[in-house]
Amino acid sequence: MSRKTAARMAVRDTLIELVDSNRQFREAVLNDHELPAWVMQEDDADALNEQTLYEQKRDDRTLAASITSRLTYSSEQNKQETARLPGIIGISASSLALGQQLNQAKDQFKTAMGEYRQLYGDDIAAIEETSDQLRDGVLGGLQIQHIHFVQSYRQLKLFQQPPRRIRFSWAANHSGTVRLTSVEAIEHLRKKYMASAAIERDITLLEQLPGSEIVVIKRLLAPHLRANLKWSDTIEAERRMNPDAKKQYPGQINTPLPVFVQLEKGQPLPEFKPIKPFDPMTRQERLQRSDARLVRISDNPVSRIYRYI
């Protein structure tokens, strides 16, 4: 058996396990209907993704189960976006165990996909080729051609001990950066970015710089929702004394999907306040420092490349 055949079989087997675990968790969440649940519905937040519009009339728990377990693109979904739905959902102990099982299945599928793609390379062209091959072959046979890999990989936030308080906030003005020589930056753009006129303009300008000059590639990140978690006094004391406890009881997490907390019948959700949707009109732009060291390599406002003054 060739390495590529073995890798394809691993993708198939881990995906079958993922689909089954995903179904079990979705059904378990729905069965916990006696426990409280809250999500940011379209009635409350005009800024949610388009793909949630058609599910607007569903109750919070049903909507959370649907969006959380979505492994494929919806017909209304922008291919550059992921399904998101902030909220807090109470679940039973058995559902929590199934959620942990689902997270493990997600990890195994992600690992199998990574090993499969390593056989072809990690640039954009190779990733598109392997994705097309998988969709036409393995995924087509499983009737899941339109799989959304990011949605299939991302881990659920599961807490056996519910936080005492959850405070949501929007994170904006963030960017991802990478520091490279101009020669390395050209290779990076060609491997990691889809070809476009803007990218070609940046590459042309980089080719005019000395090959050893250091530049910075900035990638703006869309506003995303975070949650600050406040735990019981006992857990907070443990977090202060034992750094490893912060992994089990984090102080802050990203929350594109609902936070799932184990509750007993009659137990309320952690204290929280529903957050308003992100409003770009109220966003406060940071003033540029007078001694800023980075400037764009061109006057083009969509350029991603900066150089040091």
* Asked: Which members of segment 152-169 meet the condition of being touching a Pro at 6+ places or on another chain (Cβ under 9 Å), open to solvent by 30 Å² or more (accessible area, probe 1.4 Å) and within 13 Å of residue 70 (Cα to Cα)?
  -> 154
* Near pairs, Cβ below 7 angstrom, 6+ apart or cross-chain, from segment 292-304 (without any contact (Cβ under 8 Å) to a residue 12 or more places away in the chain) to any residue that is among the hydroxyl-bearing types (Ser, Thr, Tyr) -> 296/303; 296/306
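Would you call residue 144 touching a Ser or Thr at 6+ places or on another chain (Cβ under 8 Å), among the β-branched types (Val, Ile, Thr) and modelled with pLDDT under 80? Write out each step before concluding.
Details: touching a Ser or Thr at 6+ places or on another chain (Cβ under 8 Å): yes; among the β-branched types (Val, Ile, Thr): yes; modelled with pLDDT under 80: yes.
In short, yes.
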* Taking only pairs six or more apart or across chains, which ones have beta-carbon atoms under 6 Å, a first residue in segment 247-258 that is open to solvent by less than 50 Å² (accessible area, probe 1.4 Å), and a second residue that is of a type in the set (Gly, Ala, Ser)? -> 253/227; 255/227; 258/64; 258/87
* Number of positions in segment 207-242 that are closer than 19 Å to residue 259 by Cα and exposed (fewer than 12 other Cβ atoms within 10 Å of the Cβ) -> 0
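The values are calculated or read from the model by the stated rules, or taken from the named source; none is laboratory data. What you see is a predicted model, and the numbers here were worked out from it, not measured in a lab. Because the Cβ atoms are built from the backbone with ideal geometry, glycine has one as well, and the counts that use them run over all protein chains shown. Please note that ligands, DNA and RNA were not included when accessible areas were found on the heavy atoms of the full protein model with its side chains. Shrake-Rupley method; radii C 1.70, N 1.55, O 1.52, S 1.80 Å.
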